[in-house]
Amino acid sequence: MGILSNPSIGAHEKKTKYITIINKYSNLFCFLLYLIGFGWFCALSFPQFQSNTYFSENALLPGLVLSELKMDSVNLAKTYLNELEHERTSHKSNIPYPWMQAKMKQIGLKTYIHNFTLNYPFGGGKRFEGKNIYGILRGPRIGATESIVISVPYRPPNTAHTSITASVPLILAFADFARRQKYWSKDIIFLVTDQEQLGMQAFLEAYYGEDENNILDSGTLYGKAGSIVAAINMEIQDFDVDFNSLKIEGLNGQLPNLDLHNLVVKLSHKNGIPIGYKTKMSEHPRDDVIANFFSLLSMMWTQSSGVPNGNHGLFHKYGIEALTIEAVKRETSVKNNNVHHKIMALLKIIEGISRSLNNLLERFHQSFFFYVIVSADRFISIGDYMPSVGLMSASLLIKSFLLWLIANNKNEDDEQENENKEEEDKIVIVRKSKTTIDYIKIGTIILCSHIVGVGALLITTNKFIHDYLFSMNIPTQTGIFYSIIFIIAVSLLMPKFLRLNVIDAQYLNIVLLIELGTMLLSVSMLNFSLGFFLCVFITPFAILINIQENSRRNLLKFLIRSLIHLIIHPITVLYGIICLLSYIAFNEMNFNYIVDKSFTATIDAITFAVVDSLIYGNWLFDLTFLILLPCWIMLWILNFSKPIEKKNKDKSE
Amino acid sequence: MNKKLLYSLLISGAIRYFISISKYSRSIENHVEISTPLNSFKRLKEGVFLYDNGIDPYDGDIFHESPFILIAANFLLKNFGEFISLILIIIDLLSAVFIYYGSKSISKRNYERQQLEVSTYAKGTEEIQFSKSDIDNIPFICAFAYLFNPYSILNCVGQTTTVWSNFLLSVVIYSMSKNMKFICLLALAFETQKNFYPFVLIVPIALAFSENDKSKNLKRIITVVTFASIFGLLNYIAFTYMGNWKFLDSTFGFIIHCRDLTPNIGLFWYFFTEMFDHFRELFLYTFQLNTTILYLFPLTFTFKESPEFLLTILLSLVTIFSSYPCIGAIAFYMSLIPLWKRCSPFMSHNFIVIATFIVTSILGPTVYHLWMYANSANANFYFGVTLVFCTSQIFLLTDLCFAYLKRKFCLTNGVTFDKTMKLSLE
């Protein structure tokens, strides 16, 4: 029974024995937990802790079918490319719809055009329009219940991104081949999207009939296939492929099923195109721990922002497994005679993937959904990486528990001094508590700091405010900048109005630690990378901040602490990260110039985050304002907590 | 009425109203933690629609409310369709009022009982005795705990019929404390017809009604028999309305056999998804015995001098272990715990329990989202979290029981002991 509830009455006695020890070592213990968590993560870069990828889903049967592709498909792809290049000279800024529609119809696909409109949330109702074009190949063997998507983003000649003109001819050549086969038991949707991710988002919203988003008017689809099982997004830079690069990180850090990733890797290898992760051609050796570590970090860095790094990322939200294959162009200028061979390989990869997906009897459900890729054939699964985040966020919860023990027993100890000396050898189980905790004030502070967070979110995302700013002729960026300055000012001024004494502050600290711990745990469930980076950054500050020290009035210490607080303000951190990134990217530039540029870049980043949150449903921005900022405000208030005046107390006695 | 209570009612009513008109109300309504097959508003509407079109809603597997709720909902949805959320808010606030007055007279009774025994108490136990001010303090804390509990707010916004069953339970508590026998038994009969499990509450009620009587056993038997006959009569009335007995299987049968294995915060669904069919009956009855009468008798003999405490414990037990638990019902038993405020110095798991409640309440919906919408996590994640949630509730419950017993012991033996003395209730 002792586990559930210790029935012995003298339980208090034991507790007080340990309390001094706890008081002394609590920070050390929690920090140790943090270090173990971090060490655990570092240890994951050793190959002993990584697993080799393998296939869980037997139905995929990767690469077992005999390829039926002939040379005429390759020639067709080349012809299409030549025709498209010609069309692109007259369609500088849009998709050559007539050509594409004609080709799709000629191949025998049911072809449709999908219109969508973006009512830009900033700038007084500007509208942007776009058109996707897609063709459906009906699976001859079964009714339209399930489908596969093969998609391609179309980039017009005047785009700022890398040109990927060869993608459309490739999938059209494949469509021509696929239409003549009779084994398809799933529909195949060949989709060419306009306006990068916006077109994809509009297509998916229209496909699943979501109409709540009034910023992106996703229009109607005039033809639909069955529910989408998986999607492959192609970005072919040129037919003269050097290697294939896989992009898997999706919206809010979701990842496709590892089986799909393995499938693509295996087929790419089989057809003689090397596959690299993160546009790195050469695979590092298995035992290179440092390279492993940086490869881990580089994937997690992309994942943590929650912004998809390709069109595939938007599928994940709807429970569709998707990834992007980026065929990277060979850099050397030497003409390669082997292009035909490369086209054939690419087509075979698409054929192999489609046929494997065609074999699927149920949706992807085996293998892993939570993993971190080290290299194309090695990964770390959730069971292996979760303990590191678990330890780090548990250290916050444990710290709050220890603080609670200390706070409760401290009150008792203070009172014990006043008790008669006679009772020294007695145990008093219940005492009258003299110190009262101002719960209402603590509650007010928690409420107020969260209200500031909600207010900040409303100010930056509210349409009326943006419309008002537009009518005042203030550009959106500046408007958002001012509202953020306003929020920072409010948060800095909070301690002026709400101050706690040290004892109450202790309890606020407990609440704060619980909130942070809970937040970190659930964030790392949703998006491990983001959770991990937040843990690494937040936990040491949250653990090492000790309010009791405030009682000693030491101006220098106080100033240093305030400075640290200002440095860890979410906006400062964002600015710092952008500074660092731009320093790494343009390290030949003048330092002052970078600092200056980073400032505008920060404002731009915030604006993009607002747009991301409104259109795609990325919750990083909301998380920052709803939880991180309020937590920071509470920390800031804790920093200003008043010491208790002991003198008055002594006098009254 | 108390001014503080009035303000609390207004504020929490406003919170409920504003959340229910916001865009989040629909997704709140669809959460499995809030809506179960037994209380979901969607199913209620469906049942009413079927009934309205002359189809017996109990024929299918959608509707599991009692016939009285069907008839009442039919009337309300037809005549006051737009005001349903307002009506539910008012009912929820009324429950808080009944909790307030119920706990007021319970505190008063506790205080009076204590006055009779106070001469036998040890010195220095004032801190754990009920004081006069508790009669005003405790009821407010109870009502406050109901009004501002996020669980009850979400329950009310989700428009579940648990709002109604919380109201019935609050009436049961109020009328029990005021000794209004008929109303108490009637409310309990209605509640039993809706949720089945609360029938165990007849034990503390029978104990409470026989407290000042000479022939206690006779009185108790009369109470139980009256309850049984009211309950039978209600079912008969329902039969005459519906024209057949199908509703019995569709409500009680549905609860006892746990036919719907939709995930919820309880312990049944995961277990019975995995179960081999020919063992199902055995484990089903074991589980149901565990929920209803396994603890009933031991607890009754332990706490028979305080029927109100027994009621708190039994209500929590049936809520935790029922086949379709929801957070609305949890909110209700939580609001009764402040009644035993004087036991709190003996409760040693407060922090762990509260922290676990917070963590699991956030983590649960997160992993559910990953499982259902993102298609990446699976049932084990969610069940793991709900298991921890249930464990923390059980911790709370056992802690409360032990605290009550320890307090009782300390009242007569004092709170100071020699260090050399080894004291243990083990």
(request) Those residues that are in contact (Cβ under 8 Å) with a residue 40 or more places away in the chain and in a helix (DSSP H, G or I), I need them from region B:188-198; list them, please. (result) B:189, B:190, B:193, B:194, B:195, B:197, B:198
(request) Sort out which residues of region B:205-238 are polar (S, T, N, Q), assigned to a helix (DSSP H, G or I) and open to solvent by 60 Å² or more (accessible area, probe 1.4 Å), and write them in order of number. (result) B:217, B:229
(request) Return a yes/no flag: does region B:415-423 have any residue that is modelled with pLDDT of 90 or more, open to solvent by 30 Å² or more (accessible area, probe 1.4 Å) and more than 7 Å from every other protein chain (Cβ to nearest Cβ). (result) no
(message) For region A:489-546, give me the residue count where each residue is more than 14 Å from every other protein chain (Cβ to nearest Cβ), under 30 Å from residue A:296 (Cβ atoms) and of a type in the set (Val, Ile, Thr).
(response) 5
(message) With the requirement that a residue be part of a helix (DSSP H, G or I) and surrounded by fewer than 23 Cβ atoms within 10 Å (Cβ to Cβ), what does region A:149-174 give you?
(response) none
(request) Scan region A:180-231 residue by residue and report those that are part of a strand (DSSP E or B) and open to solvent by 10 Å² or more (accessible area, probe 1.4 Å). (result) A:217, A:227
(request) Identify the single condition in (1) modelled with pLDDT of 90 or more; (2) in contact with a helix residue (DSSP H, G or I) (Cβ under 6 Å, 6 or more places away or on another chain); (3) not small (Gly, Ala, Ser) that residue B:406 does not satisfy, given that it satisfies every other one. (result) (1)
(request) Collect the residues in region A:243-302 that are hydroxyl-bearing (Ser, Thr, Tyr), open to solvent by 30 Å² or more (accessible area, probe 1.4 Å) and not in a helix (DSSP H, G or I), keeping them in residue-number order. (result) A:279, A:282
(request) Find the residue count for region B:377-394, including only residues that are open to solvent by 50 Å² or more (accessible area, probe 1.4 Å), of a type outside the set (S, T, N, Q) and at the interface with chain A (Cβ under 10 Å from one of its Cβ atoms). (result) 1
(request) Quickly run through region B:261-285 and pick out the residues that are closer than 21 Å to residue B:61 by Cβ and open to solvent by 70 Å² or more (accessible area, probe 1.4 Å). (result) B:271, B:273, B:277, B:281
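Yes/no matrix, rows are residues, columns are (1) at pLDDT 95 or above; (2) in contact with a Gly (Cβ under 7 Å, 6 or more places away or on another chain); (3) of a type in the set (Ser, Thr, Tyr); (4) buried (at least 23 other Cβ atoms within 10 Å of the Cβ):
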position: A:356; (1), (2), (3), (4): no, no, yes, yes
position: A:363; (1), (2), (3), (4): no, no, no, no
position: A:374; (1), (2), (3), (4): no, no, no, yes
position: A:385; (1), (2), (3), (4): no, no, yes, yes
position: A:392; (1), (2), (3), (4): no, yes, no, yes
(request) May I ask you to list pairs of residues, at least six apart or on different chains, whose Cβ atoms are under 6 Å apart, with the first in region A:535-562 being polar (S, T, N, Q) and the second being at pLDDT 75 or above and outside any helix (DSSP H, G or I)? (result) A:550/A:641
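The values are calculated or read from the model by the stated rules, or taken from the named source; none is laboratory data. Just so we're clear, the structure is a prediction, and the values are computed from it rather than from any experiment. Quick reminder, even Gly has a Cβ in these numbers, built from the backbone with ideal geometry, and neighbours come from all protein chains shown. SASA here: full protein model, heavy atoms, side chains in, ligands and nucleic acids out. Shrake-Rupley method; radii C 1.70, N 1.55, O 1.52, S 1.80 Å.
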